[in-house]
Amino acid sequence: MKTSVRVLSFLFSVASLILLSFALPATAQTQTSAILSGTLTDPRGASIAGAQITAESIPSAGTATHSISANDGQFTLALEPGRYHVTITRESFARVEQEIIVSAGEIRELHVRMALEPLSSKVVVTAQTSPLDAESSPAPVTILTREAIEQRNATSLPNLLATLPGFSLGRSGPEGGLTSLFLDGGNSNYTKVLIDGTPANSPGGLIDFSNVTLDNIEKIEVVHGAESALYGSDAMAGVIQIFTRRGTTRIPEFTAFAEGGNFATGRGGAEFSGLLGRFDYSAAASDLETAGQGPNDGFRNRTLSGNFGWRFSDAARVSLALRDNVSDAGTPGQTLLQPPNLTDSIALHNFNASLHAEFFTGSHWHHQLSGTESYNRELNINPFFPTFYQFNRSSFIGQSTYQIKGFGVTAGYEYEVENGFISFIGMHMRRNNQAGFLDARWQPIARLTLHAGARAEDNANFGTRVVPRVGAAYALRIAQGAFGDTRLRASYGQGIVEPRFDQSFGTDPCFPGNPNLLPEQSRTLHAGVEQKLASDRVRVTIDYFDNRFRDIVSFGFLSTPPPGCPLSEFNSFGAGTYFNTDLARARGGNLSAEARLARWLTAAGNYTYDPTRVLAAPNAYDPAEIPGNRLLRRPVNSGNLMLNAAFKRMNWNISGYFTGRRTDSDFLGLGLTSNPGYARFDFAGSYNLAHGVSFYARVANLADKKYQDALGYPALGREFRIGIKYTTRHE
């Protein structure tokens with residue numbers, strides 16, 4: 001018995017020695033490794049799951065260590081001692097890069113608060129004082145990415161926006177003609193346009209979209225509803241913001257293109273971008289020339305743009321964005337109703353600059369400082385009444401945001417100086433404005449996000465106005481499968497637009513400006529639902545809007561001559577000025593849908609129902625503007641359908657746009673008050689040959705439809721362009 005015990009004891013000892021011999025090297029190996037762990041959170045302090053963490057040795061050994069953050073935002077990597085380049089990426093969030101050195105047995109922790117990526121297609125910048133994911137926006141938002149622009153070979157902003165929900169287009173002729181856009185039934189000066197944060201509207205909200213190109217554009221956001229609580233004057237019906245591309249590649253990326261087509265059209269340009277250490281850069285230039293389809297119908301447009309940034313650290317960055325547009329166009333006039341003007345033309349020069357700095361102090365404070373400058377010049381040449389306009393807007397904006405988990409509040413201040421000169425007024429005009437604003441976002445439960453804000457705008461003309469806004473976004477259902485997520489949203493806002501300079505400062509003794517004008521005002525209400533279907537391959541959105549516009553400025557004649565008006569002139573030509581008299585409404589809805597039919601085939605469409613109505617217009621002098629009519633150039637029914645096929649090296653895109661009959665006017669006294677509806681189809685295609693070379697083609701108005709976006713002005717017939725592009729792209 002004792003012998004058996006000794007044998008078993010001996011065997012156990014041998015086995016233990018064998019196991020220990022294997023365990024010792026492993027233990028030694030573990031003791032020489034380092035552990036990198038950490039936690040990832042978003043700007044609100046919530047955990048970020050599914051982020052990719054990569055650690056690559058310096059110098060690179062050709063391999064890297066990877067990890068994925070868990071639901072609580074935590075991750076762990078086991079690394080050999082040495083120096084590493086750590087990269088953290090997650091869709092919708094800005095890329096994080098750090099260099100670390102770890103030693104044997106060290107346990108290193110990283111606590112990273114990832115910022116939302118402003119240029120992501122799933123992030124909205126314009127709807128709030130701080131970026132937020134698009135699904136949490138209480139206001140309806142449409143986002144256009146660089147990919148969508150390239151798929152359609154689009155070059156002109158108004159042509160692209162006209163196919164989005166809620167938009168209608170008014171253009172006096174083909175390319176180069178005065179171009180206006182109307183959003184959700186509002187007037188053309190009711191939508192604020194920002195280029196990298198710089199207001200592009202002239203004082204009073206007017207903007208001519210005719211020469212706004214899509215060169216070097218990374219993303220476009222459209223926010224529906226009054227946003228004056230954030231942006232002050234001009235944001236009566238919505239906001240459009242255009243974002244210039246940023247350099248992201250360590251190896252410079254260069255693109256050059258050239259194209260030509262009918263109507264003696266030629267276009268060429270180049271883009272250059274990259275990332276050099278802490279410095280990112282993007283620059284572009286293009287030139288377009290076309291003879292048009294009739295006499296005095298030529299158009300030339302030149303664009304320069306740049307975006308340059310310097311990252312001081314992960315918590316501080318400064319950027320400078322510049323954009324310059326110069327165009328010349330013949331203006332033959334309403335050639336469907338009268339002979340063309342062979343000598344008239346219009347020259348535009350628009351310049352926008354934005355200097356922006358942002359930095360974090362501590363884990364809760366985010367600060368932003370911006371200085372913007374815009375310059376608009378317009379020269380109308382005609383033998384009878386040549387006119388010259390020049391406007392300048394300069395502003396400083398500072399804001400600070402405090403964020404904790406589930407809550408954020410922003411306080412800000414803006415000071416703006418407006419200058420202008422109009423030839424028929426003959427004097428320099430100036431208006432200084434300032435404003436303070438508050439904006440708050442609260443997430444009491446995971447599915448519900450509440451927003452509220454207000455702005456006190458102090459305008460040199462009309463004094464102080466307070467404009468509020470509130471909204472909510474709620475995830476009613478979170479699910480996968482045939483019937484997916486259901487999200488509800490609602491928003492209410494008030495908007496204002498200041499009077500134009502000529503309306504306030506006119507100096508003609510018989511037709512003076514009115515310095516006592518109030519701002520035009522709006523009240524907008526939006527409510528909608530978004531539904532995902534078929535495992536998120538289909539998304540359907542329905543939005544209802546109810547917009548009311550009051551104190552609309554109109555021109556009215558006076559029964560007696562104003563002080564200083566000679567009686568002889570009054571008897572011959574009359575006298576008049578501007579008044580806040582008109583009232584209107586727009587009540588309807590936008591329906592949009594997107595579907596991924598196959599891996600290579602997508603479809604999208606939208607429909608807008610917008611039965612606008614003039615409610616009061618005591619000074620109406622044109623039959624189209626009398627109460628009871630629809631608002632000018634805003635169809636009741638309009639929509640767009642699009643198919644895009646991306647197969648191997650090819651991409652094919654076909655889109656169809658239709659608009660119903662619209663109220664319009666010839667403004668010639670002929671009594672014409674209606675513009676027929678039409679349908680138009682466009683085609684775009686591209687083929688990637690090899691080594692960065694691709695060919696592309698676009699055919700606009702495929703069926704050569706005869707139509708008018710503005711009564712009397714013929715739109716461009718069938719137009720085709722064929723081009724070649726070379727790109728050096730590095731991931």
- Task: Would you tally the residues in region 596-606 being in a strand (DSSP E or B) and surrounded by fewer than 17 Cβ atoms within 10 Å (Cβ to Cβ)?
- Result: 5
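Name the residues in region 295-314 that are of a type outside the set (Asp, Glu), closer than 23 Å to Gly274 by Cβ and modelled with pLDDT under 95, would you?
Within region 295-314, Arg311, Phe312, Ser313 qualify.
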- Out of all the residues in region 377-385, is one or more within 19 Å of Asp234 (Cβ to Cβ), acidic (Asp, Glu) and surrounded by 17 or more Cβ atoms within 10 Å (Cβ to Cβ)? yes
- Message: I need the full set of residues from region 101-112 which are within 23 Å of Gly277 (Cβ to Cβ) and either under 37 Å from the mean Cα position of the chain (by Cα) or small (Gly, Ala, Ser) (or both), in order please.
- Response: Leu110, Val112
- Long-range neighbours under 7 Å by Cβ, at least six apart or interchain, first residue free of Cβ contacts under 8 Å to residues at least 60 places away in the same chain within region 687-702, second buried (at least 16 other Cβ atoms within 10 Å of the Cβ) and of a type in the set (A, V, I, L, M, F, W, C): Val699/Phe683; Val699/Phe720; Asn701/Leu716; Leu702/Phe681; Leu702/Phe683
- Message: So Phe257 passes all but one of these: (1) touching a Ser or Thr at 6+ places or on another chain (Cβ under 6 Å); (2) surrounded by fewer than 20 Cβ atoms within 10 Å (Cβ to Cβ). Which condition number does it fail?
- Response: (1)
- So, first residue outside the structural domain of Glu414 (by TED's automatic domain parsing) in region 370-394, second residue in a strand (DSSP E or B) and modelled with pLDDT of 95 or more, Cβ within less than 7 Å, six or more apart or across chains; the pairs are none
- Message: Against the definition (surrounded by fewer than 21 Cβ atoms within 10 Å (Cβ to Cβ) and within 17 Å of Gly232 (Cα to Cα)), how does Val467 come out, yes or no?
- Response: no
- Query: Within region 241-257, is even one residue closer than 18 Å to Glu719 by Cβ and either under 25 Å from the mean Cα position of the chain (by Cα) or assigned to a strand (DSSP E or B) (or both)?
  - Reply: yes
- Some residue of region 227-234 being touching a Ser or Thr at 6+ places or on another chain (Cβ under 7 Å) and not in a strand (DSSP E or B): yes
- Just one listed residue, out of Ala435, Ala490, Ala482, is surrounded by fewer than 16 Cβ atoms within 10 Å (Cβ to Cβ), out of contact with any Ser or Thr (no Cβ under 7 Å at 6 or more places or on another chain) and small (Gly, Ala, Ser), and it is Ala482
- Message: Six or more apart or on different chains, Cβ atoms under 6 Å: show the pairs whose first residue is in region 50-64 and touching a residue at least 40 places away in the same chain (Cβ under 8 Å) and over 15 Å from Pro81 (Cβ atoms) and whose second is among the charged types (D, E, K, R) and surrounded by 12 or more Cβ atoms within 10 Å (Cβ to Cβ).
- Response: Ala51/Arg90
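Residue-by-condition table, conditions (1) assigned to a loop (DSSP other than H, G, I, E, B); (2) hydroxyl-bearing (Ser, Thr, Tyr); (3) at pLDDT 85 or above:
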| position | (1), (2), (3) |
| --- | --- |
| Gln31 | no, no, no |
| Leu40 | no, no, yes |
| Pro59 | yes, no, no |
| Gly62 | yes, no, no |
| Ser67 | no, yes, yes |
- Please work out which one of (1) over 27 Å from the mean Cα position of the chain (by Cα); (2) surrounded by 16 or more Cβ atoms within 10 Å (Cβ to Cβ); (3) of a type in the set (D, E, K, R) is the condition Glu569 fails and give its number. (2)
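Listed here are the residues, each with its yes/no results for (1) on the phi < 0 side of the Ramachandran plot; (2) surrounded by 14 or more Cβ atoms within 10 Å (Cβ to Cβ).
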residue: Ile48; (1), (2): yes, yes
residue: Thr54; (1), (2): yes, yes
residue: Pro59; (1), (2): yes, no
residue: Gly62; (1), (2): no, no
residue: Ser67; (1), (2): yes, yes
residue: Ala70; (1), (2): yes, yes
residue: Gln74; (1), (2): yes, yes
residue: Tyr84; (1), (2): yes, yes
- Item | Search result, residues across region 444-480 that are out of contact with any strand residue (DSSP E or B) (no Cβ under 7 Å at 6 or more places or on another chain) and outside any strand (DSSP E or B) | Ala446, Phe462, Gln480
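Yes/no matrix, rows are residues, columns are (1) over 22 Å from the mean Cα position of the chain (by Cα); (2) farther than 30 Å from Asp508 by Cα:
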{"residue": "Gln399", "(1), (2)": "no, yes"}
{"residue": "Lys405", "(1), (2)": "yes, yes"}
{"residue": "Trp442", "(1), (2)": "yes, yes"}
{"residue": "Arg465", "(1), (2)": "yes, no"}
{"residue": "Ala472", "(1), (2)": "no, yes"}
{"residue": "Ala479", "(1), (2)": "yes, yes"}
{"residue": "Glu498", "(1), (2)": "yes, no"}
- Message: As an exercise: evaluate Gly292 against (1) at pLDDT below 95; (2) buried (at least 20 other Cβ atoms within 10 Å of the Cβ); (3) over 25 Å from Leu178 (Cα atoms) and give the number of the one condition it does not meet.
- Response: (3)
- Query: What number of residues within region 451-474 are modelled with pLDDT under 95 and of a type in the set (A, V, I, L, M, F, W, C)?
  - Reply: 2
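The values are calculated or read from the model by the stated rules, or taken from the named source; none is laboratory data. Since we're looking at a predicted model, the values are computed, not measured. In this analysis, Cβ positions are derived from the backbone assuming ideal geometry, glycine residues included, and neighbour counts consider all displayed protein chains.
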